[in-house]
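Chemist: Submitted below is the structure of interest, expressed as structure tokens.
Just so it is clear, none of the values below were taken in a lab; they were calculated from the coordinates. It should be emphasised that the depicted structure is a prediction, and the values quoted were computed from it without experimental measurement. All Cβ positions, glycine included, derive from the backbone under ideal geometry; neighbour counts span all protein chains shown.
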């Protein structure tokens, strides 16, 4: 797997290794922010570096909603579809995302750019309906905003920090 | 009563600058606390009547006293910033608007209880709060408000920040410890309690963000002042997250004698488009639906108990008559099925079956047998689940049905 | 020091659990996940009892007695919880090889078909080594095998629970077959499994009607191939 930037990954592991198992969660989070998802070889490297059993590392990864044991898009679109956002029209936001991206929640676009997810309450109920693309925040939004937002994200490519709507 | 204690600096100070916090009275409370003996600080907090603002409402001073009494070291202060209760966003507003206040509260808690290490566990989806807190810890450490020999005293306190990774259950205190320890975030059976066996098995104070933000003003103004705010049974300022079908959703500060109607009509500008309240979910997904005829109850424990509810995290989600309640119940059922950690049987299996039954009901198939099954699921999860998640997973469903006129006698 | 269990006065010592206290006077409290050689996890909740004054029911396997506590092991609240838990279990797990659970179900009047219209998790039977097979259709997720594999017995750490909630399952690192894990085939997991989800190969083949000679022959061949490969 030549496309894994091992130097960067190893640097993160080395930084958390002194904490052992207590470094596992932040180490997984940081490594994933570099590699996009936690593949078996990456997870194995982390397990060895932090001296945590392999199976336990897998158990931890699959427990947390923001950690991925399978590839996801470069941009994860998380649309809040919980009570307050629903009351404010989240279903139409989800529909706008589906039709723009051409995928269902849980799926990734064929170009590997976007994964669409409906998400439990994101804690921005005063900005309902609300969605996040990676760590960018958008809300309140209308279904008409969705294509423009996703188009801008697509163009930005790297998904660098930007101001939300 | 309207107060402006917890939110006094939010929107007024630059949350990225320590100097701004200090210029607005920041760390005065820590200075004052350090001049007293730790047990005097604990006494003050006990006397204030402050109870936890995360939802469980345990007396903060009692918790601190229990940890202070423990001789085993190290001891920890953990800030529970894993705010994930649906409809709750007050902790985020505090962390984004006044992050140093949380640190000051933690430092005072550590001094009072003899803790040397602190952890903040921030919800993974709260990127901005995390960034601000990180910077706040760095600045405060640089300036000697955290770290070694704080403000020239012999008190040292180091703060670490962890990010959650998308698991509601990690807001449960023992699951949060497991998560920091690098395990699956599954709750532990209590007892033992965190005060004796908390993070890494050591004595631990774990307090919610808002609870800790109450500490500096309490220390500065004294327990008597604190007690003068709001009702005797639950004094002090409280944050309410009001959202849903209201004109001005947001975080509002009031004492706990404020009524549901005042929160909705006066603070949050009333129901949108001049509409009517169909139901209000108080306390988040783990909370209870209250019907439109009960809006004049105060948000205190005794007030809400009269209508079968409790303030919980202070979330108020307003459902107007335009909304189909079944869609709302469906989302709550889906939430618990998604967030159950899977450890204990009643919750792992019960939340899934509850979701399936509510889904069928929402599609229009109302069968008597399903009401009976929901009741048994609710009772079993409430009585037999290992942690608060399962114990409350049927509350909103059962109370929601009641507000819809479909309650069962034995609920 | 004493407690009252189902109206009986039971003398106890402070470190005793409710389960132990009840056993002393011959009161059997149903249980599933607890095992004498493993750390109690209090997750099956079948052993919950009603402790007067407590907000919720308490798990008898870990709850320590307190002087003069009044405990009911057969109250309606207890039986309702126990019954519903068994009904839920039966709705997604094949309990045919768990006779104790079936007996408990009968005792509390559980209707094992009651939730059978719900989603059922199904798994292929994993037959990936010469020593034992794993049939997670029979797994109740008591977690004993994970404990036995880890800190409580073998320190091998081949197993974990993966996923969350209803979709949790016993698993290996990225679902690897057993031979590619750290498993040393000690058999401790098989020994502690209460529902026949883990089974020694011999036992399975015997059930399938093979003669002891045929089993011996087949196992010998499998093992020879196995060691050669390794």
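Chemist: Residue B:143 label point, 7 Å along Cα→Cβ, cut-off 19 Å on backbone N: hits in segment B:208-224?
Modeler: Only B:213-220 pass the distance filter.
Chemist: OK, next. Kindly identify segment B:314-411 as rounded, prolate or oblate by the Cα gyration tensor criterion: order the square roots of the eigenvalues as a ≥ b ≥ c, call it rounded if a/c is under 1.5, otherwise compare a/b with b/c, prolate if a/b is larger, else oblate.
Modeler: Verdict is prolate for segment B:314-411.
Chemist: Averaged over peptide C:153-163, how many Cβ atoms belonging to another chain are found within 10 Å of each residue's Cβ? Walk me through the numbers before you get to the answer.
Modeler: Values: counts 0, 0, 1, 2, 6, 3, 4, 12, 11, 10, 6.
Per residue, the number of nearby Cβ atoms from other chains is 5 on average.
Chemist: Which log10 I(q)/I(0) values, to two decimals, does segment C:10-60 give at q = 0.16, 0.19, 0.22, 0.31 Å⁻¹ under the Debye formula with one point per Cα?
Modeler: These q points yield log10 I(q)/I(0) values of -0.48, -0.68, -0.90, -1.32.
Chemist: For chain C, what does -39500 (n - 2.57) per DSSP helix run (n ≥ 4), summed and divided by total residues, give at 222 nm, in deg cm²/dmol to the nearest 500?
Modeler: Details: 7 runs with 67 residues, N = 230.
Theoretical 222 nm ellipticity from helices: -8500 deg cm²/dmol.
Chemist: What Kirkwood hydrodynamic radius do you get for segment B:238-320 when you take the inverse of the mean 1/r over all pairs of distinct Cα atoms, in Å?
Modeler: Details: mean 1/r = 0.0832 Å⁻¹.
Answer for segment B:238-320: a Kirkwood hydrodynamic radius of 12.0 Å.
Chemist: From Cα coordinates alone, what are the radius of gyration and Dmax values for chain A in angstrom?
Modeler: Final numbers for Rg and Dmax: 17.3, 49 Å.
Chemist: For an R0 of 60 angstrom, estimate the FRET efficiency from the Cβ-Cβ distance between residue C:55 and residue A:10 and round to the nearest 0.05. Each step should come with its number before you reach the end.
Modeler: Numbers: r = 50 Å, r/R0 = 0.83.
Plugging the Cβ-Cβ distance into 1/(1 + (r/R0)^6) gives 0.75.
Chemist: Pull out a ≥ b ≥ c, the square roots of the eigenvalues of the alpha-carbon gyration tensor of segment B:116-258, then state rounded if a/c is under 1.5, prolate if not and a/b is larger than b/c, and oblate in the remaining case.
Modeler: Working: a/c = 1.43, a/b = 1.16, b/c = 1.24.
It comes out rounded by the Cα gyration axes.
Chemist: I've got another one for you. Specify the angular offset, from 0 to 90 degrees and rounded to the nearest 10, of the alpha carbon long axis of helix B:325-339 from the longest principal axis of the alpha carbons in chain B.
Modeler: 50 degrees
Chemist: Compute the FRET efficiency between residue B:305 and residue C:175 as 1/(1 + (r/R0)^6), taking r as their Cβ-Cβ distance and R0 = 51 Å, and round to the nearest 0.05.
Modeler: Details: r = 49 Å, r/R0 = 0.95.
Between residue B:305 and residue C:175 the formula returns 0.55.
Chemist: If you project the alpha carbons of chain B onto their three principal axes, what span does each projection cover, largest first, in Å?
Modeler: 69, 44, 35
Chemist: Moving on to the next point. Taking each pair of different alpha-carbon atoms in segment A:75-156 once, compute 1/r for the pair, average those values, and report the inverse of that mean as the Kirkwood hydrodynamic radius in Å to one decimal. Intermediate results must be reported in sequence, preceding the final value.
Modeler: On the way: mean 1/r = 0.0820 Å⁻¹.
Result for segment A:75-156, one decimal place: 12.2 Å.
Chemist: In whole Å, what three semi-axes, largest first, describe the equivalent ellipsoid of segment C:2-107 built from its Cα gyration tensor (square root of 5 times each eigenvalue)? Don't skip to the answer; put the middle values down first.
Modeler: Working: eigenvalues 117, 44, 29 Å².
Its equivalent ellipsoid spans semi-axes of 24, 15, 12 Å.
Chemist: Averaging over all projection directions, find the projected area of the Cα convex hull of segment B:18-228 and quote it in nm² with one decimal place. Don't skip to the end; give the middle numbers.
Modeler: Numbers: hull surface 42.7 nm².
That works out to 10.7 nm², a quarter of the Cα hull's surface.
Chemist: While we're here: Relative to the longest principal axis of the C-alpha atoms of chain B, give the angle of the C-alpha long axis of helix B:345-362, reported between 0 and 90° and rounded to the nearest 10°.
Modeler: The answer is roughly 50 degrees.
Chemist: With N residues in chain C, what two-decimal value do you get for its Cα radius of gyration over 2.2 N^0.38 Å? Could you put the intermediate results ahead of the total?
Modeler: Details: Rg = 20.3 Å, N = 230, 2.2 N^0.38 = 17.4 Å.
Output field value: 1.17.
Chemist: Mind jotting down the distance between the C-alpha centroids of segment A:59-82 and segment C:16-64, whole Å?
Modeler: The distance from the Cα centre of segment C:16-64 to that of segment A:59-82 comes to 37 Å.
Chemist: Calculate the length of the line joining the C-alpha centroid of segment C:121-165 to that of segment B:195-249, in whole Å.
Modeler: Here the two parts' Cα centres lie 43 Å apart.
Chemist: Percent of Cα-Cα pairs more than 35 Å apart in the protein assembly as shown, please. Walk me through the numbers before you get to the answer.
Modeler: Details: 162245 of 324415 pairs.
Percentage above 35 Å: 50.
Chemist: Specify whether the C-alpha gyration tensor of segment A:29-68 places it in the rounded, prolate or oblate class, a ≥ b ≥ c being the square roots of the eigenvalues: rounded for a/c under 1.5, otherwise prolate if a/b is larger than b/c and oblate if not.
Modeler: Working: a/c = 1.95, a/b = 1.22, b/c = 1.59.
Judged from the Cα gyration tensor, segment A:29-68 comes out oblate (a/c at least 1.5, b/c at or above a/b).
Chemist: Here's a follow-up. Between 0 and 90 degrees, rounded to the nearest ten: what's the tilt of helix C:76-90 against the longest Cα principal axis of chain C?
Modeler: It works out to around 10 degrees.
Chemist: Can you give the relative contact order of segment A:1-89 as a percent, counting alpha carbon pairs under 8 Å and 6+ residues apart? All intermediate terms of the calculation are to be shown ahead of the outcome.
Modeler: Details: 76 pairs, mean separation 23.9, N = 89.
Dividing the mean separation by the residue count of segment A:1-89 yields 27 percent.
Chemist: Next question, about the same structure. Cα centroids of segment B:16-33 and segment B:349-411: how far apart, whole angstrom?
Modeler: Between the Cα centre of segment B:16-33 and that of segment B:349-411, the gap is 48 Å.
Chemist: For the residue pair residue C:36 and residue B:404, what label-to-label distance in nm results when each label sits 7 Å from Cα along the Cα-to-beta-carbon direction?
Modeler: 5.1 nm
Chemist: Along the Cα→Cβ direction, 7 angstrom out, place labels at residue B:359 and residue A:92. What is the inter-label distance in nm?
Modeler: For the pair residue B:359/residue A:92, the computed spacing is 2.7 nm.
Chemist: Against the globular-protein guess of 2.2 N^0.38 Å, express the Cα radius of gyration of segment C:117-225 as a ratio, rounded to two decimals. All intermediate terms of the calculation are to be shown ahead of the outcome.
Modeler: Working: Rg = 14.5 Å, N = 109, 2.2 N^0.38 = 13.1 Å.
So the Cα radius of gyration is 1.11 times the expected 2.2 N^0.38 Å.
Chemist: Starting from the 7 Å offset along Cα-to-Cβ, what nm value, one decimal, do you get for the label separation of residue C:75 and residue B:368?
Modeler: Here the modelled spin labels are 2.9 nm apart.
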